[in-house]
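One structure is given here, and the rest of the page talks about it.
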Amino acid sequence: MTVSNQTLETGAEKYYQTQLQAGAFTIQRCGDCDKSIFYPRMVCPHCGSDDLQWYTPSGKGTVYSVTVVRNKPENGGDHNVALIDLEEGPRMMSRVQDIAPGEVRIGQSVVACIQRTGDEALLVFVPAGDKA
Ligand SMILES: [Zn+2]
């Protein structure tokens with residue numbers, strides 16, 4: 001039986017989820033081209049290197065785009081799906097919370113936080129405060 005690439009990808013994703021469950025947001029950085037990487041994977045999408053290291057990014061990001069998803073209240077109500085550019089470079093899909101779904105603006109500064117729902121840990125973003 002051969003180990004498929006997909007199994008390896010799942011391994012990286014699993015590690016990411018385990019870290020998230022433990023309260024840590026981690027992404028990868030390539031040891032060869034020094035680019036930060038998200039979504040978790042085994043091989044650098046930029047240069048093909050497998051020398052990837054995990055680290056904790058700043059958590060700061062900027063909203064690149066946002067879409068409001070309409071939902072019935074019993075299904076959790078409206079929420080948004082946003083593409084966030086992390087300060088370190090990678091673009092990730094998430095949502096912005098603690099703000100009305102339609103009020104998220106492109107270019108808005110946000111910070112990552114981990115939201116727990118039961119056993120699930122999910123990375124979301126909240127607006128970055130003007131004051132510390
Ligand atoms: Zn690379």
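The values are calculated or read from the model by the stated rules, or taken from the named source; none is laboratory data. All figures in this text were calculated on a predicted structure; none of them were measured in a lab. Using ideal geometry, Cβ is built from the backbone for each residue, glycine included, and neighbour counts are taken over all protein chains shown. Keep in mind that these areas ignore ligands, DNA and RNA; they rest on the heavy atoms of the full protein, side chains included. Shrake-Rupley method; radii C 1.70, N 1.55, O 1.52, S 1.80 Å.
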* **Residue under evaluation Met92, criteria (1) loosely packed, with under 12 Cβ neighbours inside 10 Å; (2) under 20 Å from Ala121 (Cα atoms), criterion not met** => (1)
* Within segment 69-90, identify whether any single residue is within 16 Å of the ligand (Cβ to nearest atom) and more than 21 Å from Gly129 (Cβ to Cβ), and answer yes or no. => yes
* Quick one: which residue in Gly23, Gly11 is outside the structural domain of Ser109 (by TED's automatic domain parsing), at positive phi and among the small types (Gly, Ala, Ser)? => Gly23
* **In segment 106-132, the residues that are over 18 Å from Ile27 (Cα atoms) and surrounded by 11 or more Cβ atoms within 10 Å (Cβ to Cβ)** => Ile106, Gln108, Ser109, Arg116, Val126, Pro127, Ala128
* To do: Starting from segment 23-48, take each residue that is without any contact (Cβ under 8 Å) to a residue 12 or more places away in the chain and list its partners that are within 13 Å of the ligand (Cβ to nearest atom) and not in a loop (DSSP other than H, G, I, E, B), counting only C-beta distances under 8 angstrom and pairs at least six apart or across chains.
  => Val43/Leu52; Pro45/Ile37
* Selection within segment 18-63 - within 16 Å of the ligand (Cβ to nearest atom), of a type outside the set (S, T, N, Q), more than 15 Å from Met93 (Cα to Cα) and open to solvent by less than 20 Å² (accessible area, probe 1.4 Å) -> Cys30, Cys44
